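Below is one structure, written out as structure tokens, with a few remarks after it.
The values are calculated or read from the model by the stated rules, or taken from the named source; none is laboratory data. Only a predicted model underlies this, so the values are computations on that prediction, with no experimental measurement involved. Quick reminder, even Gly has a Cβ in these numbers, built from the backbone with ideal geometry, and neighbours come from all protein chains shown. To get the accessible areas, we keep the full protein, side chains included, count just its heavy atoms, and leave off ligands, DNA and RNA. Shrake-Rupley method; radii C 1.70, N 1.55, O 1.52, S 1.80 Å.
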Amino acid sequence: VMVSRIARLIGEKGISPSSILTMTFSREAARDMEARFRSLFPELPCPRFSTIHSFCYQVLAHSSRVQAKPLPRNIETENAPIRRPQLLRRLYNSLNPDYIGDDALETLESEITFITNRLLPPKELSGYPFETARLGEIYQQYTAFKRENNLMDFDDMLTLTLSLFEQQPDLLRQYRQRFRYLNLDEAQDTSLLQHRVIEKLAGSCDGLFMVGDEDQSIYSFRGAKI
């Protein structure tokens with residue numbers, strides 16, 4: 001459905017491929033969709049297929065170059081100055097009397113991701129059945145540490161991009177003019193944070209097309225919300 005719509009925009013409607021942005025959740029899905037487009041419509045120029053995170057990273061990189069500011073380093077990569085699990089383990093152990101094990105650490109990481117993607121304010125955390133003790137304090141210290149050391153994780157790519165779009169209308173206008181046709185795959189697994197970014201980018205245009213199946217939603221534990 002998605003690649004056929006894109007082909008019709010380009011082949012029949014004369015829409016420039018450079019004005020079409022198609023986003024999905026994983027790199028594998030983006031690569032598969034691009035390969036499918038090239039296979040089915042080899043005569044047409046190929047538009048951009050991307051993950052939401054990859055798109056946001058490129059927005060941040062562009063903004064950093066324009067403002068001559070260093071791009072935050074990603075703590076979820078191998079060459080990071082401190083890795084995300086290491087930092088969260090340290091914060092947990094500094095606030096709790098017990099030592100956090102690997103399973104509990106994985107739970108903590110998922111809960112941090114959930115909070116960020118649901119855009120939950122600290123005062124609302126008590127309304128959710130989180131397992132990690134003193135989670136609110138850990139989250140606040142984690143956020144502060146990243147901000148003070150110019151670090152980010154994958155979720156921050158979205159929060160920082162959303163902030164840029166909210167605070168820099170000229171930048172947002174530039175991207176809206178560039179991508180007038182937005183396609184979103186796997187929409188059922190879009191988080192509120194991702195939705196806010198897409199909502200900002202789309203604006204009031206009628207070029208937003210989303211495909212999803214609520215029965216296939218599997219990432220609610222990461223903050224996905226239909």
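Laid out as a table, the results:
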| read-out | value |
| --- | --- |
| Hits in the stretch 166-197 - residues which are without any contact (Cβ under 8 Å) to a residue 40 or more places away in the chain, closer than 14 Å to residue 62 by Cβ and touching a Phe, Trp or Tyr at 6+ places or on another chain (Cβ under 9 Å) | 172 |
| Single condition residue 58 does not satisfy, out of (1) more than 15 Å from the chain's Cα centre (by Cα); (2) closer than 20 Å to residue 154 by Cβ | (1) |
| Pair list, Cβ under 8 Å, 6 or more apart: the stretch 38-57 residue without any contact (Cβ under 8 Å) to a residue 40 or more places away in the chain, other residue of a type in the set (Phe, Trp, Tyr) and part of a helix (DSSP H, G or I) | 44/37; 46/37; 49/37 |
| Where a residue in the stretch 198-220 is free of Cβ contacts under 8 Å to residues at least 60 places away in the same chain and its partner, wherever it lies, is in a helix (DSSP H, G or I) and open to solvent by 50 Å² or more (accessible area, probe 1.4 Å), with Cβ under 6 Å and at least six apart | 203/176 |
| Qualifying positions in the stretch 37-74 - open to solvent by 40 Å² or more (accessible area, probe 1.4 Å), assigned to a helix (DSSP H, G or I), under 20 Å from residue 184 (Cα atoms) and among the hydrophobic types (A, V, I, L, M, F, W, C) | 40 |
